[in-house]
Every structure is written in C-alpha cells, then in structure tokens.
Amino acid sequence: MNVEKYQIDEHNSLNERQHKKRYDFLSEMLQQEGIDVEAIIKKLMDFQIAIPSWALGTGGTRFGRFSGTGEPRSLEEKIEDIGLLHALNRSSGAISLHIPWDIPENADAIKSLAGSYDIVFDAVNSNTFQDQKNQNYSYKFGSLSHTQKEVRQQAIHHNIEVIKYGEVLGSKALTVWLADGSCFPAQQNFRKALQRTLESLQEIYAHLPTDWKMFIEYKPYEPNFYSTVIQDWGTSFLLANKLGSQAFTLVDLGHHLPNTNIEQIVATLMMEGKLGGFHFNDSKYGDDDLTVGSIKPYQLFLIFNELVEGIEDKNTKNPVPAWMIDASHNVKDPLEDLLQSVEAIKIAYTQALIIHREMLWEAQRQNDVVKAQEIVQNAFRTDVRPLLAEARRRSGAAINPLGLFRKLEVRKKLVEERGELAIATGL
Ligand code: AFD
Ligand code: MN
Ligand code: MN
C-alpha cells in the first residue's frame with residue numbers, strides 16, 4: 001500500500017490550526033533568543049536517517065521471536081515499508097542493507113523501485129557472524145580473525161561481494177561488524193587475532209571503490225562473552241587509522257559497557273576526523289536495541305550536542321556521519337517503532353541546534369559551570385516538536401506521522417495484502 005498525497009494533505013489541513021499556534025509560539029520565543037529558526041527548519045528538512053532492512057520485522061531477543069503480522073516478505077516489500085515511513089515523515093529516505101539477508105536479485109528493478117519512493121541506498125552490511133547454507137567453512141571460531149586462512153579468505157571474499165552489490169545500487173559505504181572473539185580465557189591469542197583481522201580488513205579495503213568509505217563497528221561483548229576482537233572505539237580507531245583515509249569508526253549506541261561516556265567518544269573521533277557513522281538505538285543494560293530515546297533521551301541529546309558542535313566547527317575535518325538506526329524488538333509494530341525512533345533522533349538534533357553555542361563557549365571559557373549547565377539544559381527542556389512538525393509540513397509529510405499511520409490503519413492494510421503470517425527475512 002502507499003500513503004497518498006491527498007491523505008497527507010487532508011490530515012495536515014485538519015491539524016494545521018493547532019500546529020500553527022504551537023509553532024508560532026515556539027518560533028517567536030526562539031527568535032527572541034537570537035536563534036535562526038528558518039535555518040533550523042532547513043536543516044531538519046535535509047536530515048535523512050537510514051532505516052536498516054533488518055528492522056522491518058519483529059525480533060531482537062536470543063530466546064524467541066514473536067512475529068508481527070503483515071511483515072515484509074521480500075526486499076521489495078521492505079522498500080515498500082520504508083516508502084511508507086518516508087511518505088509520512090520525509091526523513092527516512094535511505095535504506096541500509098544486510099547481505100545475504102537482503103540480496104538484491106534484480107538490482108536495476110530494486111534501484112528503480114527505491115527511486116520511486118525517493119529512497120537511496122546507505123551503507124551495506126556484511127554478515128560473517130552466521131553460517132549460511134552451502135558455505136564451505138564455518139565462522140564458529142571467527143571470520144576475519146580466524147586462525148585458518150581459508151576461513152579468512154571466505155569472509156574477505158564475502159565482504160568484497162557485498163561491496164559489489166552495494167556498487168550497483170549506489171551505496172557508498174561498507175559496514176563491517178565482527179562477532180569474532182572468544183568465550184574463555186586462553187581460547188584466543190589476542191595479539192595474533194587482531195593482527196589477522198587487520199590484514200583481512202586490508203584486503204577488503206584494497207577493493208573499496210575510491211569514493212567509498214569503510215565503517216568499522218565495535219562492540220564489547222556478545223555473542224562472545226570473554227573477548228571481542230574489535231571491542232571498543234580505540235580498537236576500531238586503530239584499525240581505521242592503519243587502513244587509511246577511507247576507513248572510519250562506526251558508533252552503535254548499544255555497544256558500550258554501562259555508563260560509558262559516549263558523547264566524549266564522539267568528540268574524540270570527530271577531532272581526528274574519524275567518526276564515520278552512527279547506529280542509533282537505546283538500551284538499559286547491554287545491546288538492547290530498543291527504540292531510540294526511549295530510555296536515555298538526555299544522553300542522546302548530549303551526543304547530538306557533540307555532533308552538532310563538531311559538524312559546525314569549520315576546523316573539524318570530520319565528514320558528516322552516516323545516520324542509521326539499528327534497533328528491533330518484539331513488542332511493537334516495527335513501523336510505529338521506527339517512526340518513534342526517527343522522531344527521537346530529530347528531537348535530540350533540534351535541541352542541540354538551539355543551544356546557544358557562543359554563550360556556551362563563553363561560559364566554558366569562564367569556567368562558569370552553572371551557566372554552562374543552564375544553557376544546555378534549557379535547550380534540552382524546550383519542547384521542539386513544533387519545529388519538526390513544521391519541517392515535515394513544508395516537505396509534504398504528515399504533521400503527525402504516527403497519528404496518520406494509525407488513522408489510515410496501515411498495518412491492517414498490510415496484513416490484508418500480505419497475510420497474517422508474513423514474516424520478514426533477517427535475524
Ligand atoms: C549487531 C550490530 C550490527 C549488526 C546487527 C545485525 O549492531 O550492526 O549488523 O547486530 O543485526 O549487534
Ligand atoms: Mn549496529
Ligand atoms: Mn548491536
């Protein structure tokens with residue numbers, strides 16, 4: 001199904017009056033504080049967050065999967081789902097593919113289908129954390145770090161193949177996340193495993209098209225519980241530095257030990273121009289992959305504070321990072337969940353944009369701790385949602401995407417089309 005323009009127009013005209021009141025109130029207040037509201041609206045209209053192809057079905061615990069209904073059964077239907085999100089919020093104009101879960105059999109057709117929804121292809125993800133049917137060697141004891149050369153070669157070859165799939169679709173980045181590691185002390189020689197990983201990555205890097213980036217994602221534990229070869233940002237950064245200027249670190253919010261200061265990691269990587277991409281999600285304990293902003297919205301905002309600071313500082317050489325969501329779980333409708341995640345990301349971004357930078361720098365220079373905190377928290381406590389709604393209205397999206405999703409009974413229609421038992425490919 002599609003969300004039609006007339007349905008959005010109808011919804012917007014119903015909500016217009018109330019929206020305008022809220023928007024006028026907020027924009028007047030912000031303008032009085034010297035904030036360029038128009039510039040923020042423009043930034044919001046341009047801001048696009050990639051949706052992972054693996055998040056359109058339910059799933060997310062090791063113990064079981066309670067499938068939703070009317071899930072997309074093919075890559076085509078996944079693109080159709082993202083088309084729905086993008087029509088509703090005009091901020092989800094990209095898809096991040098996981099290979100081999102979502103191999104584009106007919107790349108031209110897939111590309112033009114995505115194009116018809118105004119969707120582009122973001123980073124492609126390789127998968128050497130699971131064995132596939134007809135695979136010669138097992139990844140049970142690792143992939144790019146494996147002790148056996150044949151296994152490493154197979155994993156390297158897979159990554160090169162993923163680049164090829166991405167090239168046809170117009171992707172410009174490869175994300176590598178390795179489950180490689182060990183479950184017991186002495187199982188693995190740390191130094192040698194890291195060395196082998198570097199050498200494998202170098203082979204993949206040699207096949208990277210010149211206008212591509214390689215993102216190296218780190219994670220401290222799970223599925224291995226004693227050690228992970230690329231355990232933290234430092235290891236990822238080390239590898240990215242050794243590989244070269246096209247390699248970057250990817251930060252997944254759930255891939256840190258409890259209480260890690262992620263915003264400081266972001267700042268450090270940006271100082272070095274090595275922050276390549278982001279996987280947004282939220283968590284209470286580990287890699288919980290919950291809806292963005294559902295548990296720690298203040299942390300998300302502080303991260304965006306560093307991101308905006310880094311992007312706006314002309315001395316920082318960091319390219320604008322690739323924004324991607326990496327979340328999925330069992331208890332919500334995946335499309336509603338993604339609408340919530342996109343909204344949370346944009347709220348945090350906007351709150352960071354309304355921070356009075358000059359004033360903050362001045363307070364920091366003066367070591368006025370209280371004032372610095374006031375400035376930042378004042379932004380965090382501002383309800384910026386009318387700015388998001390205005391950006392959506394101007395881009396032809398819905399003032400209230402989730403409200404319209406429910407009113408149009410989108411999931412019910414998808415079930416009618418695809419059936420109750422339609423289950424998405426992926427995890
Ligand atoms: C992992 C990583 C990662 C990977 C995904 C697969 O976060 O980005 O591609 O899960 O579902 O935990
Ligand atoms: Mn991730
Ligand atoms: Mn993860």
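What to note about this one:
- Any hit, the range 293-302, residues being within 16 Å of ligand 2 (Cβ to nearest atom), of a type in the set (S, T, N, Q) and either assigned to a strand (DSSP E or B) or within 15 Å of A327 (Cα to Cα) (or both): no
- Residues that are surrounded by 19 or more Cβ atoms within 10 Å (Cβ to Cβ) and either modelled with pLDDT under 95 or in contact with a strand residue (DSSP E or B) (Cβ under 7 Å, 6 or more places away or on another chain) (or both), drawn from the range 229-250: V229, I230, W233, S236, F237, L239, A240, L243, A247, F248, T249, L250
- Odd one out for V342 among (1) in a loop (DSSP other than H, G, I, E, B); (2) crowded, with 24+ Cβ neighbours inside 10 Å; (3) away from ligand 3 (no atom under 16 Å from the Cβ): (1)
- Candidate set from the range 243-292 (those that are closer than 28 Å to W212 by Cβ and among the polar types (S, T, N, Q)); member that is nearest to ligand 2 (Cβ to nearest atom): N281
- Residue in the range 323-335 that is more than 24 Å from V120 (Cβ to Cβ), within 16 Å of ligand 3 (Cβ to nearest atom), of a type outside the set (K, R) and modelled with pLDDT of 95 or more present: no
- Evaluation of P258 against (1) more than 16 Å from ligand 1 (Cβ to nearest atom); (2) surrounded by 15 or more Cβ atoms within 10 Å (Cβ to Cβ) (one fails), failing number: (2)
- If you filter the range 1-42 down to residues that are hydroxyl-bearing (S, T, Y) and more than 22 Å from R406 (Cα to Cα), you find that the one that is surrounded by the most Cβ atoms within 10 Å (Cβ to Cβ) is Y23.
- Failed condition for K213, given (1) within 15 Å of ligand 3 (Cβ to nearest atom); (2) within 21 Å of I160 (Cβ to Cβ): (1)
- Of residues in the range 275-285 being within 17 Å of the chain's Cα centre (by Cα) and outside any strand (DSSP E or B), the one surrounded by the most Cβ atoms within 10 Å (Cβ to Cβ): N281
- Per-region count, the range 154-211, residues farther than 30 Å from S112 by Cβ and part of a strand (DSSP E or B): 2
- Taking first residues from the range 164-188 that are within 16 Å of A322 (Cβ to Cβ) and partners that are more than 16 Å from ligand 2 (Cβ to nearest atom) and aromatic (F, W, Y), the Cβ contacts under 7 Å between residues at least 6 apart in sequence or on separate chains come to G166/F121; L169/F121; G170/F121; S171/F121; K172/W212; A173/W212; L174/W212.
- Enumeration of residues in the range 143-196 that are within 26 Å of the chain's Cα centre (by Cα), under 21 Å from Y218 (Cα atoms) and among the charged types (D, E, K, R): K172, D180
- The range 46-64, residues that are under 15 Å from S395 (Cα atoms) and surrounded by fewer than 17 Cβ atoms within 10 Å (Cβ to Cβ): D46
- Given (1) touching a helix residue (DSSP H, G or I) at 6+ places or on another chain (Cβ under 6 Å); (2) over 30 Å from Q246 (Cβ atoms); (3) of a type outside the set (D, E, K, R), index of the condition Y298 fails: (1)
- So E150, is it exposed (fewer than 13 other Cβ atoms within 10 Å of the Cβ), without any contact (Cβ under 8 Å) to a residue 60 or more places away in the chain and over 27 Å from A55 (Cβ atoms): yes
- If the condition is being buried (at least 20 other Cβ atoms within 10 Å of the Cβ), at pLDDT 95 or above and among the small types (G, A, S), then the range 386-427 contributes A389, A391, A397, A398.
The values are calculated or read from the model by the stated rules, or taken from the named source; none is laboratory data. Just so we're clear, the structure is a prediction, and the values are computed from it rather than from any experiment. Don't worry about glycine lacking a Cβ; one is built from the backbone with ideal geometry, like all the others, and counts go over all protein chains shown.
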